Amino acid sequence: MTRNLATDGYSCSAVDGGITIVWAEREGLNEQGELVREAAEVDDSQEKARLTMKTSGSATAPTAIRKDIHARLVLRMRVTDKMDNSLGNMHGGCAATLVDNITSMVVFYHTSGVYGEPWSFLGVSQNIGVLYLNACPIGSVLEMEVYSAQVGKNIALLTADFWLVERADGEKDDGEGPVHMGKWKRTKRTITGTHTKVDNSARIKL
């Protein structure tokens, strides 16, 4: 999914090819009505992502979560020259496109994967709101945390917080290298956004 963002259509103008998922999490109720949380570190550097579970359960076993689902993803990406606003920072329109696309990814965790089923096309945008808190300099690394606050029968409410991060493992960032490996720490929140989507799967099926 991250590779499609970086290569297809208009969105690729706002996404670096090195974008990678580093954390995936879902919580909700199981069949007994008990709260269940499933979380994993993700290595998305290869064609097929590898998950390392941080909670009980298996990355390949069926999920125990059945309803009242909330999903969270953390992605990392470098800000590149093509995102420049001519002042040496990420363009605001680029940031808004990222809020649009990255928040849409968590909707996938609310789908069955069956064509025509609810949210199988991840919906269409109804409203996007973006607050610009700090600049994102070219060459810096962004960590983007997105969350599905609510995904109902027809409407999805999604949120995003973007942070500048720096190396926290003693390694020096060269401003160009991959961002999926090593430890990073958040230093400054740069963007916060909200995204409301409408499910369009039934209409497309018709």
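Filter region 8-22 down to residues that are small (Gly, Ala, Ser) and crowded, with 18+ Cβ neighbours inside 10 Å and give me whichever is farthest from residue 78 (Cα to Cα).
Checked region 8-22; the qualifying residue farthest from residue 78 (Cα to Cα) is 14.
Has region 43-57 got at least one residue that is at pLDDT below 85, closer than 24 Å to residue 122 by Cβ, in a loop (DSSP other than H, G, I, E, B) and in contact with a strand residue (DSSP E or B) (Cβ under 8 Å, 6 or more places away or on another chain)?
no
At pLDDT below 95 and touching a strand residue (DSSP E or B) at 6+ places or on another chain (Cβ under 9 Å): which single residue out of 72, 66, 76 fits that description?
66
Within region 83-96, which residues are buried (at least 21 other Cβ atoms within 10 Å of the Cβ) and assigned to a helix (DSSP H, G or I)?
Within region 83-96, 83, 95 qualify.
Residues are listed down the side, and each one gets a yes or a no for (1) closer than 22 Å to residue 12 by Cβ; (2) surrounded by 20 or more Cβ atoms within 10 Å (Cβ to Cβ); (3) touching a helix residue (DSSP H, G or I) at 6+ places or on another chain (Cβ under 6 Å):
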| residue | (1), (2), (3) |
| --- | --- |
| 98 | yes, yes, yes |
| 106 | yes, yes, no |
| 133 | no, no, no |
| 149 | no, no, no |
| 172 | no, no, no |
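Of everything in region 174-193, what is among the polar types (S, T, N, Q) and buried (at least 19 other Cβ atoms within 10 Å of the Cβ)? Give them in sequence order.
190, the sole residue that qualifies.
The values are calculated or read from the model by the stated rules, or taken from the named source; none is laboratory data. Please read all numbers here as calculations on a predicted model, not as lab measurements. In this analysis, Cβ positions are derived from the backbone assuming ideal geometry, glycine residues included, and neighbour counts consider all displayed protein chains.
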